[in-house]
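What follows is a single structure, written as structure tokens, with notes after it.
The values are calculated or read from the model by the stated rules, or taken from the named source; none is laboratory data. The structure displayed is predicted, hence computed values, not measured ones. So basically every Cβ, Gly included, is an ideal-geometry build from the backbone, and we count neighbours across all protein chains shown. Each accessible area value is taken on the protein alone, full model and side chains, heavy atoms only, with ligands, DNA and RNA left out. Shrake-Rupley method; radii C 1.70, N 1.55, O 1.52, S 1.80 Å.
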Amino acid sequence: MRIERRHLEVVLAVSEVGSISRAAAALRIAQPALTAQLARIEQAFGGRLFERGSAGVTPTPLGREVVARSRGILEQFEELCQASWSLAAQAKSTQDVRIAGVSSAFTTVLLAQAVQRRFNGCRIVSLSGMPRSAIITMLDRAEVDAAILHEIPGHPLVLPESVASTQLLAAEPKFVIVRSTHPLAGNRLVELAELAGDDWVLPLPEDDGWHEYFLATCLRAGFSPRVGCYTSDQKIALEAVADGLVCGSYPTIVAASGEAVLEPLGAPLRRRVLLAWPGTSPLAHCAAELARTLVAGYGELVLSRRHAAPWWRAQRDVVIHGARQDGRRNSRYSGA
């Protein structure tokens, strides 16, 4: 086996946390897969890098040497990438920048604006409302330079090695929209179980796990939801809500003029919004800057939505801190 950058990252991760299980959690790899991968890495280096014990792992003399050299190699590699990304970004300023994402204001408005501001003169090619699996494939093939993805509780993203990292933009609740004459319309905060007798409108089934998560959340609240309408067209869905046929669950920035928007207590319906980019993307070197711009723009949008403004004022510091701190390597395929 030929040693690659990702193998050195595995060695450093195990050394830094002193535990294969904790390293697997940090790298978002299943522990058996990491154990097998580490065995192949040790074989490639010609000997054991770590001694295993009940209290964790400690580097062998060979392991200490490999760890020390790996750290220097990765630092030099990162410097090389930063320099190449900077040069690529300068060239990119007069070329197309390709972005994609699930249906989201982050994709359709905010990301395009942030990229245009950062790379003045570039042309934005935006693909919005795509299935999550299709976006991941495009990231893997470097067919887009950045993308917005949703991560649903219980359905974590599994991204290929070619996707360099993700940055958390928001961990947002999903509000419930009902007709203005609905019995609960006068309440801003409700228990999800209070909506057990209503029919719901849901988007058409996709591959992100939302339907399974929604059903499981309702079952935990004590009821099985009745779905009266499936549509991925938000305008049609809101018309169905306005007619009193159904109630719907929507993110913070949805505009529901004339209808009542309720916030389920404890925010039982939620999702994480992430910015992702391939390792070859010319946007990679400024991803943290783009994330901060996106979060600031998102905050302005949320504050313009009367129903969501109280949530944002309460959670703003948490969300912004997350956008600064949550950049990370992603779940990766376990093959060496």
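Things to note:
- Among the residues of segment 142-156, at least one is over 15 Å from the mean Cα position of the chain (by Cα) and under 23 Å from L204 (Cβ atoms).
- Identity of the residue in segment 312-336, more than 20 Å from the chain's Cα centre (by Cα) and at pLDDT 70 or above, that ends up surrounded by the most Cβ atoms within 10 Å (Cβ to Cβ): R313
- Test: residue in segment 276-298 that is buried (at least 19 other Cβ atoms within 10 Å of the Cβ), modelled with pLDDT under 80 and closer than 19 Å to S104 by Cα: no
- Search result, residues across segment 119-142 that are part of a helix (DSSP H, G or I) and within 17 Å of T107 (Cβ to Cβ): R132, S133, A134, I135, I136, T137, M138, L139
- Whichever residue in segment 192-216 is of a type outside the set (F, W, Y), under 15 Å from P156 (Cα atoms) and in contact (Cβ under 8 Å) with a residue 40 or more places away in the chain and, among such residues, is surrounded by the most Cβ atoms within 10 Å (Cβ to Cβ): D208
- Taking (1) buried (at least 22 other Cβ atoms within 10 Å of the Cβ); (2) modelled with pLDDT of 75 or more in turn, L262 satisfies each apart from (2).
- When residues in segment 60-88 are screened for being buried (at least 20 other Cβ atoms within 10 Å of the Cβ) and modelled with pLDDT under 80, 1 of them pass.
Yes/no per residue for (1) β-branched (V, I, T); (2) surrounded by fewer than 16 Cβ atoms within 10 Å (Cβ to Cβ); (3) under 30 Å from the mean Cα position of the chain (by Cα); (4) part of a loop (DSSP other than H, G, I, E, B):
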site	(1), (2), (3), (4)
E16	no, yes, yes, no
A25	no, yes, yes, no
I29	yes, no, yes, yes
P32	no, yes, yes, no
I41	yes, no, yes, no
A44	no, yes, no, no
T58	yes, yes, no, no
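- Check on R220, touching a Pro at 6+ places or on another chain (Cβ under 8 Å) and either modelled with pLDDT of 85 or more or β-branched (V, I, T) (or both): yes
- When R141, R123 are checked against the criterion of being more than 12 Å from V97 (Cα to Cα) and either open to solvent by 70 Å² or more (accessible area, probe 1.4 Å) or at pLDDT 90 or above (or both), a single residue qualifies: R141.
- Number of residues in segment 143-166 that are farther than 22 Å from G129 by Cβ and assigned to a strand (DSSP E or B) equals 2.
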